[in-house]
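First comes the structure, then the notes that go with it.
FYI, it's all coordinate maths here, none of it is from the lab. Fair warning: this is a prediction, and the values are worked out from it, not measured in the lab. Reconstructed Cβ throughout: ideal geometry from the backbone, glycine too, with neighbour counts over all protein chains shown.
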Amino acid sequence: MRDGSGSESGWQTAGEESPAAEFATEPFELVTEETRAAILGALAAHQAENPRDRGLGFSELRDRAAVDDSGNFNYHLGKLRPAHVRQTEDGYVLTFAGMSLAGILRAGVDAEITRGPVSLDGRCGLCDTELTVEYERRVLSVTCENDHRYPRDELPPNAVTGRTLREAISIQTCRTKHLLDLVRRGVCPACFGDVEREHQVLDAPQASHVLVATCTGCGRVTRSPVGVYLLDEPAVVAFYHDHGIDVTETPLWALDLPIAEPTVRSEDPLRLSLSVERDGERLTLVVDEYTNLLDSRRTPVDAD
Ligand SMILES: [Zn+2]
Ligand SMILES: [Zn+2]
């Protein structure tokens, strides 16, 4: 992360060069056709307005999608069936795949939106300089003057539109933790294939131990310090809670676990230990090479 080796050293990084070869092209045909997008949008809007009565009849749907040519409309509706739209006794409804596609379209793909940089009411835990937030090319970055990252991650434009950057950071933090939870279990959060996980030690003064997960299916590469993977562990949530800190609502830069430097307890098998302290109490966590928590202990700081 802080090794200064280039732009791909964020806590979480998507879209490095991909070895993936064969993609199905059907989803791209669906989203590049205006009438089909209009049908998906009309069904999504109707569903939101009528959650108990989701079906739309043929001409009703054509009116809502604002397509004049019946033949053209019928042709494109046929292309969406059966994967994205299905016909029920009550009319046409979105399938889960259709809702998922509507979500992707709504989340947006515009890479032109930029916001910030804006100063944050927070300082870097490593170098004590001011933190700033910036949104550019679908990436939300919280960084200090020395490029320490808290974190840097991809976020769709709709997550930022109409919100403050502080609110966007909160959304991103939630999402990052959710994605890392899947990665830790060996699952790609983008395409749900298997990821290859590897423990690496970076040339950095703190939090140098990272878990890198690479998806050979879609090319997504995720790289985060060991401590960030542990933020949702019950032992961690309870420790901070007992010291008056809600981990779920606290920005990552205000926590010490994300930048905690692990100690190597054993090389084979790899066992790492991380410690954080609050109000005279220390939490010590022991993890394996995939950040699985093997042991956690709470002791008074002056006990050693
Ligand atoms: Zn810094
Ligand atoms: Zn993938």
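General observations
- Sorted peptide list for 292-298, 222-228, criterion being average Cβ within 10 angstrom, highest first: 222-228, 292-298
- For region 115-226, fraction of C-alpha pairs farther apart than 26 Å, in %: 23 percent
- The orientation-averaged projected area of the convex hull spanned by the Cα atoms of region 135-180 comes to 3.3 nm².
- Candidates 121, 246, 232: whichever shows maximal mean-square fluctuation once the chain is modelled as a Gaussian network with Cα springs under 10 Å: 121
- Structure-based [θ]222 nm, the chain - -39500 (n - 2.57) summed over DSSP H runs of at least 4, per residue, nearest 500: -8500 deg cm²/dmol
- Of the Cα atoms belonging to the chain, the radius of gyration and Dmax stand at 23.2, 80 Å.
- Phi angles of region 133-144 translate, via the Karplus equation with coefficients 6.51, -1.76, 1.60 and θ = phi - 60°, into HN-Hα couplings of 10, 8, 10, 8, 6, 6, 10, 9, 10, 10, 9, 9 Hz per residue; Gly and Pro are given as x.
- Taking region 60-74 and a reference point 7 angstrom along Cα→Cβ of residue 45, the backbone N atoms nearer than 15 Å belong to 60-68.
- Between the amide H of residue 120 and those of 131, 132, 133, distances stay under 5 Å, these residues lying 5 or more places away or on another chain, with hydrogens modeled in the peptide plane.
- The mean sequence distance of close C-alpha pairs (under 8 Å, at least 6 residues apart), as a share of the length of region 33-107, puts its relative contact order at 36 percent.
- Charge tally in the Cβ shell below 13 Å around residue 45, where Lys, Arg are +1 and Asp, Glu are -1, residue 45 excluded: 0
- Summing Cβ point charges (Lys, Arg +1; Asp, Glu -1) relative to the Cα centre of the chain gives a dipole of roughly 680 debye.
- Integer Hz, Karplus 6.51/-1.76/1.60 couplings in order for region 189-204, x for Gly and Pro: x, 9, 10, 6, x, 7, 9, 8, 9, 9, 7, 10, 10, 8, 7, 9
- Segment residue 123..residue 64, full-extension length gain: 16.2 nm, with 0.36 nm per residue of separation and the alpha-carbon distance subtracted.
- By the count of other C-beta atoms within 10 Å, a proxy for reagent exposure, 137, 81, 54 are ordered fewest to most as 137, 81, 54.
- Computed 3J(HN,Hα) for region 164-178, one whole-Hz value per residue from the Karplus formula 6.51 cos²θ - 1.76 cosθ + 1.60 where θ = phi - 60°, is 6, 5, 5, 5, 5, 4, 4, 5, 5, 4, 4, 5, 4, 5, 5, glycine and proline marked x.
- Label-to-label distance, nm, for residues given as residue 136 and residue 52 (7 Å Cα→Cβ offset): 5.1 nm
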